[in-house]
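These notes are about the structure you will find just below.
The values are calculated or read from the model by the stated rules, or taken from the named source; none is laboratory data. Keep in mind it's a predicted model, so treat the numbers as computed, not measured. Ideal geometry is used to build each Cβ from the backbone, glycine not excepted, and the neighbour counts take in all protein chains shown. Remember, those area values only see protein heavy atoms, side chains included, never the ligands or the DNA or RNA. Shrake-Rupley method; radii C 1.70, N 1.55, O 1.52, S 1.80 Å.
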Amino acid sequence: MDYNQALDMAYDKKLDLVLMSPNAKPPVTRIMDYGKFKYDQEKKEKENRKKQKNIQLKETRFSLNIEDNDLQTKANQSKKFLNNGDKVKVSIRFRGRELGRKEPGYELMEKFKQMLGDSCKLTKSPKMEGRSLVMFLEPNDEKGE
């Protein structure tokens, strides 16, 4: 259809002539209410953004000589993070002579993991990164089902 004829049709219907694909031969246009089209697009995008889940990485730090009650408090806080759907980075900071013996750190990590129970699964097993022993946990998928 001729451009001017299409423009006249759109004007008669009080709508807009919108160029959909300019690179096609011949170019494809459409007669529509452009304002309503943009509004609907923005509404869909807003709805999609609302459905997205933003996952954060939270960190729990403690030292090698932490008391049991303090460790339980840290475990409860990490459990809250996991229940909110966030990932948790657990790190034990070694200082001075503590670097000579790392086995107690691995045992403490295992104890911490057992305190959390079934609310999490191990993403990355305990590993030394510099002066810290680091482990990554994420929420368990079966919990939500």
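Counting only Cβ charges, +1 for Lys and Arg and -1 for Asp and Glu, the dipole size of the chain around its Cα centre is about 500 debye.
Our estimate of slack between residue 124 and residue 39, defined as 0.36 nm per intervening residue step minus the Cα-Cα distance, is 26.2 nm. Computed from Cα positions, the angle between helix 68-83 and the longest principal axis of the chain comes to roughly 10 degrees. The packing ranking of peptides 45-58, 23-36, 85-98, highest mean first, is 85-98, 23-36, 45-58, where packing means the average number of other beta carbon atoms within 10 angstrom of each residue.
Express the carbon and sulfur contribution to the solvent-accessible surface of the chain as a percent, rounded to the nearest whole number, probe 1.4 angstrom. Walk me through the intermediate numbers first.
On the way: 5050 of 10940 Å².
Roughly 46 percent, rounded to a whole number.
Counting Cα-Cα pairs of the chain in 10 Å increments starting at 0 gives whole-percent bin shares of 10, 26, 16, 9, 9, 12, 11, 6, 1.
In plain terms, the chain from residue 140 to residue 93 could stretch by 14.3 nm, reckoned as 0.36 nm per residue minus the Cα-Cα distance. Distance between the modelled labels on residue 63 and residue 2, one decimal in nanometres: 8.8 nm (7 Å Cα→Cβ projection).
Based on Cα contacts under 8 Å between residues 6+ apart, the chain shows a relative contact order of 18 percent. With label points built 7 Å along Cα→Cβ from the Cα atoms of residue 111 and residue 72, find their separation and express it in nm. With each label point 7 Å from Cα toward Cβ, the separation is 1.3 nm.
Here's how it looks for residue 58: its modeled amide H is under 5 Å from those of 87, 88, 89, which are all 5 or more places away or on a different chain.
Suppose all protein chains stay in the model; what accessible area per residue would a 1.4 Å probe give for the chain, in Å²? Please report the intermediate quantities before stating the final value.
Working: 10940 Å² over 145 residues.
For the chain, the solvent-accessible area averages 75 Å² per residue.
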